[in-house]
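Encoded as structure tokens, the structure appears first; notes follow it.
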Amino acid sequence: MPRKPTSKRYAQAVFQLAQERDALDSWQGDLDSVLEKLGQEDLLNYLEAPQVGLSQKLTLVQQILPDMDDLLRNMVGLLTQRGAVRLLPEIVSHYRNLLDGHKGRERAEVITAVALNAKQEQSVKEYLASVLGKEIILHSRVDPEVVGGLIARVGDQIIDGSTRTRLQELRSKLALAG
């Protein structure tokens with residue numbers, strides 16, 4: 001029984017095609033656009049409905065993505081044909097990761113108790129760039145449970161400089177000392 005292609009394999013194929021066409025960045029934008037246009041639950045249900053004929057589904061894809069590169073539209077058609085159109089968000093995410101790796105970028109999420117201002121974000125970005133040796137694309141969010149300091153997630157690494165964690169570590173040290 002043949003293995004079902006994964007979102008990662010689709011993303012790698014799309015990335016290779018975009019690279020061959022020297023269109024890596026533009027295809028990222030196109031993939032984001034595809035995701036935005038096809039991300040509605042009703043539309044996804046229609047494209048996966050077994051009672052709807054494939055030709056009707058492909059006609060709809062053509063209508064929704066008329067100005068899209070033919071290869072990307074064909075990929076969406078292939079996903080529709082295979083009943084795998086719900087893989088699109090994962091495909092776009094994997095593609096973005098491949099593009100970031102290719103360009104020497106890393107995405108980082110920084111969690112703080114209060115919103116960072118532009119200068120603070122820039123400082124965090126520069127610090128992470130110096131530690132990792134890569135350009136950093138920073139996304140920050142607020143979580144009051146952090147109490148103070150920050151938590152940075154970069155790939156599978158976590159840098160926890162939160163006050164909450166420091167207090168927990170201090171509590172553990174005091175419990176061992178007492």
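Glu41 contributes about 100 Å² of solvent-accessible surface, heavy atoms of the protein only, 1.4 Å probe. Springs between Cα atoms under 10 Å define the GNM used for the chain, and in it the highest mean-square fluctuation of Arg73, Arg107, Arg82 occurs at Arg82. Figure note: Tyr46, Tyr127 ranked by solvent-accessible area, largest first, 1.4 Å probe, ligands and nucleic acids not counted: Tyr127, Tyr46. If you sort Asp69, Asp25 by accessible surface, 1.4 Å probe, largest first, the order is Asp25, Asp69. For the chain, which whole-number percentage of the solvent-accessible area (1.4 Å probe, protein heavy atoms only) is attributable to carbon and sulfur atoms? Result for the chain: 51 percent of the exposed heavy-atom area is carbon or sulfur. Annotation for Leu132 and Asn45: the two label points, set 7 Å from Cα along the Cα-Cβ direction, are 3.9 nm apart.
If you sort Lys134, Lys173 by accessible surface, 1.4 Å probe, largest first, the order is Lys173, Lys134. Each residue was assigned an accessible area with a 1.4 Å probe, and for Asp42 the value is about 130 Å². When only the Cβ of Lys, Arg, Asp and Glu is charged (+1, +1, -1, -1), the dipole of segment 24-152 relative to its Cα centre reaches about 180 debye.
Annotation: amide H of Leu150 within the under-5 Å range of Gly161, Ser162, Thr163, sequence separation 5 or more or interchain, hydrogens built in the peptide plane. If you take the Cα centroid of segment 116-178 and the Cα centroid of segment 1-70, the two points sit 37 Å apart. Averaged per residue, the chain has 63 square angstrom of accessible surface, using a 1.4 angstrom probe with ligands and nucleic acids left out.
The values are calculated or read from the model by the stated rules, or taken from the named source; none is laboratory data. Because the structure is predicted, anything quoted here is derived from the model rather than measured. Counting neighbours? That spans all protein chains shown, and the Cβs are built from the backbone with ideal geometry, glycine included. Side chains are part of the model used for accessible areas, which takes the heavy atoms of the whole protein and leaves out ligands, DNA and RNA. Shrake-Rupley method; radii C 1.70, N 1.55, O 1.52, S 1.80 Å.
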